[in-house]
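The values are calculated or read from the model by the stated rules, or taken from the named source; none is laboratory data. The shown structure was predicted, so the numbers you read here are calculated from the model rather than taken from an experiment. As a convention, Cβ positions derive from the backbone with ideal geometry for all residues, glycine included, and neighbour counts pool all protein chains shown.
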Amino acid sequence: MPTVLRELPYFEEITEIIGPGIQEHANAYQIIVWVSVTPVEQFELPPTLRRFPAILDIGLNHNFAIAPVHLRAWAGLHWNTLAEEGVQRLFGNVPVPTRRAYLWLHPNQSGSRDLIDPFRSAVKIELNDGIAVDGNGGQVGEDDRTKTLRAPRLPLIGLRALTGAGCQLHLDCARRMVSLDTLD
């Protein structure tokens, strides 16, 4: 089984997330991973596509949740250019539209949260039921939508995405380290 995350640390305090064009922070005990998103028509990850942080949240009852502003700024995608998938109920039973996309999980350098291993490729995760993008159904302009977002402060990867990809998640709470293996 190829390892994607090797001894990825999480911390007991608020920390700055360090990455290209990223000015964010992680709260205590948040597991930060680096991802990319592409339309399903794009079978390979372009080398110039930016990566961005997401919280590994095994309590999220969906694959992946992202605000439209993050999708545009970090992935370079406008939410309505992605094919419609359906609707999921998230964030307190709010109906949230889903869009078809691939999620790419970038391997870390062992023992580091913010450094990507340049010798290993990102892993493509095919998502049944798509990605959740906000909760307004796209009836108003994106700038108006971002004023009342119900989406999380940072994108979230749920346990459903890892389960669908056949991953094995290893959580070492004593050392505050996470490892993740895939079947491929």
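If LEU103 satisfies all but one of (1) crowded, with 19+ Cβ neighbours inside 10 Å; (2) assigned to a loop (DSSP other than H, G, I, E, B), what's the number of the condition it fails?
(2)
Being touching a residue at least 24 places away in the same chain (Cβ under 8 Å), surrounded by fewer than 13 Cβ atoms within 10 Å (Cβ to Cβ) and among the polar types (S, T, N, Q) narrows it down to one residue among THR81, THR3, THR38; which is it?
Selected residue: THR81, the only one of THR81, THR3, THR38 that is touching a residue at least 24 places away in the same chain (Cβ under 8 Å), surrounded by fewer than 13 Cβ atoms within 10 Å (Cβ to Cβ) and among the polar types (S, T, N, Q).
Only one of these conditions is not met by TRP74: (1) in a helix (DSSP H, G or I); (2) at pLDDT 95 or above. Which number is it?
Against the list (1) in a helix (DSSP H, G or I); (2) at pLDDT 95 or above, TRP74 comes up short only on (2).
Residues ILE66, ILE17, ILE31: which one is surrounded by 21 or more Cβ atoms within 10 Å (Cβ to Cβ) and farther than 20 Å from TYR102 by Cβ?
Numbers: ILE66 fails: farther than 20 Å from TYR102 by Cβ; ILE17 fails: surrounded by 21 or more Cβ atoms within 10 Å (Cβ to Cβ).
Step by step, each of ILE66, ILE17, ILE31 is checked, and only ILE31 is surrounded by 21 or more Cβ atoms within 10 Å (Cβ to Cβ) and farther than 20 Å from TYR102 by Cβ.
Would you call LEU105 farther than 23 Å from PRO39 by Cβ, modelled with pLDDT of 90 or more and under 12 Å from the mean Cα position of the chain (by Cα)?
No: the conditions fail for LEU105.
May I ask you to verify whether ALA122 is modelled with pLDDT of 90 or more, aliphatic (A, V, I, L, M) and in contact with a His (Cβ under 7 Å, 6 or more places away or on another chain)?
On the way: modelled with pLDDT of 90 or more: yes; aliphatic (A, V, I, L, M): yes; in contact with a His (Cβ under 7 Å, 6 or more places away or on another chain): yes.
Yes.
Find the residue count for the stretch 1-39, including only residues that are of a type in the set (Gly, Ala, Ser), part of a loop (DSSP other than H, G, I, E, B) and touching a strand residue (DSSP E or B) at 6+ places or on another chain (Cβ under 7 Å).
Counting residues in the stretch 1-39 that are of a type in the set (Gly, Ala, Ser), part of a loop (DSSP other than H, G, I, E, B) and touching a strand residue (DSSP E or B) at 6+ places or on another chain (Cβ under 7 Å) gives 0.
Could you figure out which of (1) modelled with pLDDT of 90 or more; (2) within 28 Å of LEU171 (Cα to Cα) isn't true of GLY92?
It fails just one condition, (1).
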